[in-house]
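This report refers to the structure that appears directly beneath it.
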Amino acid sequence: MTKRVIPPLCIGLVAALAVGPACSSDDDAVDPGLPAVTSSVPSTDPPTADHDTSPDDEPGLGSILTPGPTTHLGATWFSPPPTAAQDRILELWEEVEAASSVGRVLIDWTDVEPAAGDRHFDELDESLGEIVASGRSPMVTLAAVDVSGTEFPEWLGEFEPDAAAAAYASMIEDLLPVLRRHEVWLLAIANEPPLADGEDLARPDFATFVEGVTRRLDDIAPDLPVTFTFAGGDPFIDDPAIQRMIDAVDAFSVNHYCLEQDLRTAPSTATTARIDEVVKRAGDLPVVFQEFGCPASESMGSSDEFQRDWFETAFAHIGSLERVRAAFVFEFLDWSPDTFDLDYGDSVDELESLLGPDFVERFRSWLLTSGLVRIDGTPRPAFELFIDVASA
């Protein structure tokens with residue numbers, strides 16, 4: 001089973017890319033022995049849509065989503081550290097783990113069920129156990145569809161939303177003992193599905209899939225909150241199918257950055273208003289920022305100081321919003337040029353033809369400066385801010 005890497009290109013730009021792999025990383029880009037496949041974030045809010053939690057349910061399921069006075073923080077880590085700085089980077093990651101209280105595992109449906117009924121949960125079980133052993137509560141993204149290019153399993157045959165929903169829910173029913181044992185607080189069934197105009201996945205079909213999964217899991221596991229993760233701009237698409245998706249889930253999960261559509265930083269004065277727009281779009285649902293971040297690249301209008309200031313404003317604001325339950329910082333460590341080339345080298349020419357070389361260079365700069373820690377193991381000013389806020 002492989003853990004997917006989620007780069008942050010997906011703030012509503014996936015449709016423009018029209019290149020499936022352009023928002024993902026190679027499955028082997030991260031040493032599986034490192035904690036790079038998890039992210040941390042404590043949170044709170046019980047299922048608020050149709051998944052009601054009864055007093056007799058297993059403890060922990062959904063408790064992270066329960067309204068509380070604090071929005072909890074954590075960080076993802078996907079880029080492997082260079083050998084020269086590995087010890088120092090691991091020390092800093094231990095500080096992040098100690099400050100955080102939830103983790104996240106991201107895998108594909110095809111990883112756990114490569115053929116119909118052929119289900120393998122051992123590695124997922126192990127990853128969840130590592131998160132719990134570190135004192136964090138786990139979220140799972142088990143993606144039926146992923147911006148990385150992951151599509152519905154081929155063994156489903158021609159895609160039919162209700163049949164796919166039934167197959168996915170059947171797989172989750174088998175997985176429930178693992179999820180309950182580790183008190184998973186949220187299950188995301190897709191990561192940034194391609195919902196923009198021009199994509200192959202029709203929005204009404206995906207809405208039917210989401211409704212089918214949540215309806216079946218209401219019967220099978222009413223204690224397990226279910227969501228999927230929107231790309232940043234997608235929940236604002238003017239389409240009734242988008243509202244159907246939001247109405248079907250128990251939490252509003254979205255990826256959010258300090259960036260405009262052209263990958264330049266938004267004005268710092270707009271930070272709180274942009275967050276407010278997302279929370280308003282969620283309606284009455286609890287909000288989870290599965291990715292939450294700001295690069296430090298000068299070419300994007302940022303800097304180390306801009307990054308820190310953005311996080312300071314953003315952390316303070318989401319901490320004042322009871323419905324924002326969790327925010328996973330993307331990310332702990334800068335990507336190296338080698339990691340970028342491994343993931344995107346084969347796509348650069350196509351991306352440049354679609355979006356222009358300047359845009360692609362800004363995208364590269366984003367990943368190479370997105371971390372709280374630089375690739376040489378030195379922390380940026382935002383690192384200590386994160387530790388202080390997450391530990392509070």
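The values are calculated or read from the model by the stated rules, or taken from the named source; none is laboratory data. Keep in mind it's a predicted model, so treat the numbers as computed, not measured. Counting neighbours? That spans all protein chains shown, and the Cβs are built from the backbone with ideal geometry, glycine included. Heads up: the accessible areas ignore ligands, DNA and RNA and are worked out on the full protein's heavy atoms, side chains in. Shrake-Rupley method; radii C 1.70, N 1.55, O 1.52, S 1.80 Å.
Residues that are of a type in the set (S, T, Y) and in contact with a Leu (Cβ under 8 Å, 6 or more places away or on another chain) occur in the range 219-240; there is at least one.
Being among the polar types (S, T, N, Q) and surrounded by 17 or more Cβ atoms within 10 Å (Cβ to Cβ) is the filter here, so list the residues in the range 280-302 that pass it. Those that are among the polar types (S, T, N, Q) and surrounded by 17 or more Cβ atoms within 10 Å (Cβ to Cβ): Q290, S297, S302. Look through the range 268-279, keep the residues that are open to solvent by 60 Å² or more (accessible area, probe 1.4 Å) and at pLDDT 95 or above, and return whichever of them is farthest from L186 (Cα to Cα). Across the range 268-279, the extreme among qualifying residues is T269. Taking residues in the range 283-301 that are acidic (D, E), and partners anywhere that are assigned to a loop (DSSP other than H, G, I, E, B), the pairs with Cβ atoms closer than 7 Å and at least 6 places apart or on different chains are D284/T48; E291/I6; E291/P8; E291/F330. Contact map, the range 160-181: first residue surrounded by fewer than 16 Cβ atoms within 10 Å (Cβ to Cβ), second residue not in a helix (DSSP H, G or I), Cβ cut-off under 6 Å, separation 6 or more or different chains; pairs are D174/R119. The C-beta contact set for the range 256-272 (first residue in a helix (DSSP H, G or I), second residue surrounded by 15 or more Cβ atoms within 10 Å (Cβ to Cβ) and among the aliphatic types (A, V, I, L, M), distance under 6 angstrom, 6+ apart or interchain) comprises T271/A314. Of everything in the range 50-91 that is crowded, with 21+ Cβ neighbours inside 10 Å and of a type in the set (A, V, I, L, M, F, W, C), the residue that is modelled with the lowest pLDDT is L61.
Among the criteria (1) among the polar types (S, T, N, Q); (2) touching a strand residue (DSSP E or B) at 6+ places or on another chain (Cβ under 6 Å); (3) under 22 Å from A98 (Cβ atoms), the one T378 does not fulfil is (2). P235 meets each of the listed conditions (1) at pLDDT 95 or above; (2) open to solvent by 10 Å² or more (accessible area, probe 1.4 Å) apart from (2). Of the helices (runs of 4 or more DSSP H) lying entirely inside the range 67-179, those containing at least 3 residues that are under 25 Å from P222 (Cα atoms) and out of contact with any strand residue (DSSP E or B) (no Cβ under 8 Å at 6 or more places or on another chain) span 122-133.
Residues that are open to solvent by 10 Å² or more (accessible area, probe 1.4 Å), at pLDDT 95 or above, under 30 Å from P153 (Cβ atoms) and not small (G, A, S) occur at least once in the range 254-265. Of the residues making up the range 182-194, just one is open to solvent by 10 Å² or more (accessible area, probe 1.4 Å) and acidic (D, E), namely E183. Could you say which residue among R380, R323, R362 is surrounded by fewer than 23 Cβ atoms within 10 Å (Cβ to Cβ), within 24 Å of L92 (Cα to Cα), touching a residue at least 40 places away in the same chain (Cβ under 8 Å) and of a type outside the set (V, I, T)? Exactly one of R380, R323, R362 is surrounded by fewer than 23 Cβ atoms within 10 Å (Cβ to Cβ), within 24 Å of L92 (Cα to Cα), touching a residue at least 40 places away in the same chain (Cβ under 8 Å) and of a type outside the set (V, I, T), namely R380. Of the residues contained in the range 239-246, one or more are found to be in contact with a helix residue (DSSP H, G or I) (Cβ under 6 Å, 6 or more places away or on another chain), open to solvent by 10 Å² or more (accessible area, probe 1.4 Å) and modelled with pLDDT of 95 or more. Residue pairs whose Cβ atoms lie under 9 Å apart, sitting 6 or more positions apart in sequence or on different chains, and linking a residue in the range 109-138 that is free of Cβ contacts under 8 Å to residues at least 24 places away in the same chain to a partner that is open to solvent by less than 50 Å² (accessible area, probe 1.4 Å) and in a helix (DSSP H, G or I), are G117/S170; G117/M171.
If you go through the range 330-359 and keep only what is in a loop (DSSP other than H, G, I, E, B), open to solvent by 10 Å² or more (accessible area, probe 1.4 Å) and touching a residue at least 40 places away in the same chain (Cβ under 8 Å), you end up with just S336. In the condition set (1) at pLDDT below 95; (2) part of a helix (DSSP H, G or I); (3) not polar (S, T, N, Q), A327 is compliant with all but (2). The set of residues in the range 366-377 that are open to solvent by 20 Å² or more (accessible area, probe 1.4 Å) and assigned to a helix (DSSP H, G or I) contains only L368. Annotation: P138 fulfils all but one of (1) open to solvent by 10 Å² or more (accessible area, probe 1.4 Å); (2) touching a Leu at 6+ places or on another chain (Cβ under 6 Å); (3) not charged (D, E, K, R); the unmet one is (1). In the set R216, R203, only one residue is surrounded by fewer than 24 Cβ atoms within 10 Å (Cβ to Cβ), farther than 30 Å from D125 by Cα and of a type in the set (K, R); that residue is R203.
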